[in-house]
Amino acid sequence: MIQKPRGTIDILPDESPVWRFIEETSRAVAARYGYGEIRFPTFESTELFNRGVGDNTDVVQKEMYTFSDREDRSLTLRPEGTACVARSVIENSLYAETMPLRLFYLTSCFRYEKPQAGRSREFYQFGAELFGAASAAADVEIISLAGAVIREIGITNVLLHINTIGCVKCRPGYHSALKEYFNKNIEKLCDTCRGRLESNPLRILDCKNRECGIIAEDAPRTIDFLCGECGDHFEVLQKSLTGIGINYTVNTKIVRGLDYYSRTVFEFISNDIGAQSTICGGGRYDGLIEAVGGPPTAGIGFAMGITRLIMALKNQNAKKINKDRPILYIASLGAAASVYATVLAEKLRSLGIYAECDIIGRSLKAQMKYADKTGTEFTLILGDSEIESGKAQLKNMSNSSQTTVDLNDTDALRHSLGVC
Ligand code: HAM
């Protein structure tokens, strides 16, 4: 038997309603904040992620699905959406439009990671990116949007963690302090991190190797090396979050695993879903557009993993998501009634009603059993006499009550089905 590749998922019809609910909710909230939907290719030039996400990151060094096409161009399945959005903003000159520019996406991403609960190799994100606003007010907007999506999906028991990782001005001082600290423990670092010590010691802080993680615990904190502007920005952010009633904790351990971040970084962490508890991660990336070939443009955004949102939702049983089920099953007895049922079902579907009839040639008893199993709300039983009289009994499956309906009066039938 051919099986799906490790770390991928099938989303079956029974599971689709919760996916759709999350997609629809996030789309609706994004629209309310003025974010327009952007879609981009599944694969991009590898160079985009090398420059955007950063050569020194785990994502680029260990996790990308990279391949050469027939013309020997190096392409990569997108490991995340932000670099793709940045490329599209530049290529389509969106930076020249009225700022701020607000974009969102629902997309699949690909990372070669060790699969576990909440971590897969193909996964799905809802993300939002805000360009052209460098203020703390923009940080507040994007954090508020993420919080609203999580809240409206119905997930509780989530904490917002924020931190700042400084900017190009203050980071060199912080890097020196990190280098000094890690140099003292160099023999305990993994090979990758030893390589990172010179080029980008910040990345050691989010290495997934256990030993590196233990050493990183006591590393110097970004917050102690901020320049005046970064310090002010972080202070305004905190005051504004408090001002609009968004609860948060400052967590100096959050540095995020991608190189494009500067200043504000944040994560929404769930207490309900185990080790892979970050349901949403984001931050400011004022240098990204320039790094991938555009003009200096401020940016901030986030992405949330849809599988993790679903896990958090399930664990709390916070919302009952309606599954698709037929409104009406038209059972039939005999060849003429079967044709009549087909025509009636077709007519009702064209009016937007989810109606079904038998297409397997089941006995009447088996048809009723099927209707019951699929959770149908109403059933009609048609035989020769019903066709002749044009009247039939509509049965409400939840309370077994019956009403006589006129088969030729679709308006009245709709009314009886509660579809107006
Ligand atoms: P990220 O932290 O790599 O950031 O991913 C964002 C979210 O995607 C995570 O918090 C998690 O919920 C989900 N996620 C990540 N990897 C996996 C995986 N292997 N399996 C399942 N879910 C996963 C980014 O991707 C940035 N582009 C976010 C961003 C947007 N920053 C600024 N704008």
Check: So how far, in whole Å, is the C-alpha centre of the stretch 277-305 from the one of the stretch 140-187?
Finding: 12 Å
Margin query: What does the extension gain come out to for V343 and D72, with contour length at 0.36 nm per residue minus their alpha carbon separation?
Written below: 92.0 nm
Next item on the list: For the pairs K169/K239; K114/K188; K62/K179; K114/K169; K4/K62, note any where the Cα-Cα span goes beyond 26 Å.
Entry: K114/K169
Next item on the list: Find the relative contact order for the stretch 214-365 and round it to a whole percent, using C-alpha pairs within less than 8 Å whose residues are 6+ positions apart.
Entry: 13 percent
Item checked: Nearest-ten-degree value, helix 82-91 long axis tilted from longest Cα axis of the chain -> 90 degrees
Notebook entry, point to check: Given H placed 1.01 Å from N in the peptide plane, which residues other than close sequence neighbours of C357 have an amide H under 5 Å from its amide H?
Noted result: I330
Checklist line | R325/A117 FRET efficiency (R0 22 Å; Cβ-Cβ; nearest 0.05) | finding: 0.15
Checklist line | Principal-axis tilt of helix 228-243 within the chain, Cα atoms, nearest 10 degrees | finding: 30 degrees
Next item on the list: For A298, enumerate residues with amide H under 5 Å from its amide H, sequence gap 5+ or separate chain, H modeled in the peptide plane.
Entry: G132, A133
Item checked: Estimated FRET transfer efficiency (S401, R27; beta-carbon r; R0 45 Å; 0.05) -> 0.75
Check: Using Cα pairs under 8 angstrom and six or more residues apart, how large is the relative contact order of the chain, in percent?
Finding: 15 percent
Check: Given H placed 1.01 Å from N in the peptide plane, which residues other than close sequence neighbours of T264 have an amide H under 5 Å from its amide H?
Finding: I165, R284
Note to self: Please compute the Kirkwood hydrodynamic radius of the stretch 208-296 from all pairs of different C-alpha atoms, in Å with one decimal.
What the structure shows: 15.3 Å
Notebook entry, point to check: With charges set only on the Cβ (+1 for Lys and Arg, -1 for Asp and Glu), what does the dipole of the stretch 1-51 come to about its Cα centre, in debye to the nearest 20?
Noted result: 120 debye
Next item on the list: Enumerate by residue number the GluC sites (Glu not before Pro) in the stretch 11-69 meeting two conditions: DSSP loop (anything except H, G, I, E, B), and at most 15 other Cβ atoms within 10 Å of the site's Cβ.
Entry: E15
Notebook entry, point to check: Comparing T249, T57, T410, which has the greatest mean-square fluctuation in the GNM of the chain with Cα pairs linked when under 10 Å apart?
Noted result: T410
Notebook entry, point to check: Relative contact order, percent, of the stretch 80-149 when contacts are C-alpha pairs under 8 Å separated by at least 6 residues?
Noted result: 29 percent
Notebook entry, point to check: In degrees between 0 and 90, to the nearest 10, how far off the longest principal axis of the chain does helix 335-350 point, with axes built from Cα atoms?
Noted result: 40 degrees
Next item on the list: With a Förster radius of 41 Å, plug the Cβ-Cβ distance of A275 and D372 into 1/(1 + (r/R0)^6) and report the FRET value to the nearest 0.05.
Entry: 0.50
Check: Which value in nm describes the separation of the simple spin-label points at K391 and L12, placed 7 Å from the Cα toward the beta carbon?
Finding: 4.5 nm
Item checked: Extended-chain gain in nm, criterion 0.36 nm per residue less alpha-carbon gap, T410 and I359 -> 16.1 nm
Checklist line | For the chain, alpha-carbon Rg relative to the globular expectation (2.2 N^0.38 Å, N residues) | finding: 1.26
Item checked: P(r) weight above 18 Å for the stretch 19-81, C-alpha pairs, percent -> 52 percent
Margin query: To make sure I understand the rule: partners must be lysines, Cα under 20 Å from the Cα of K323, and not fewer than 8 residues away in the same chain. Which ones qualify?
Written below: K314, K369, K373
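The numbers here are math on the coordinates, done by the rules we state, and not lab data. No experiment lies behind these values; they were computed from the predicted model shown. Neighbour counts are summed over all protein chains in view; Cβ atoms, including those assigned to glycine, are modelled from backbone coordinates with ideal geometry.
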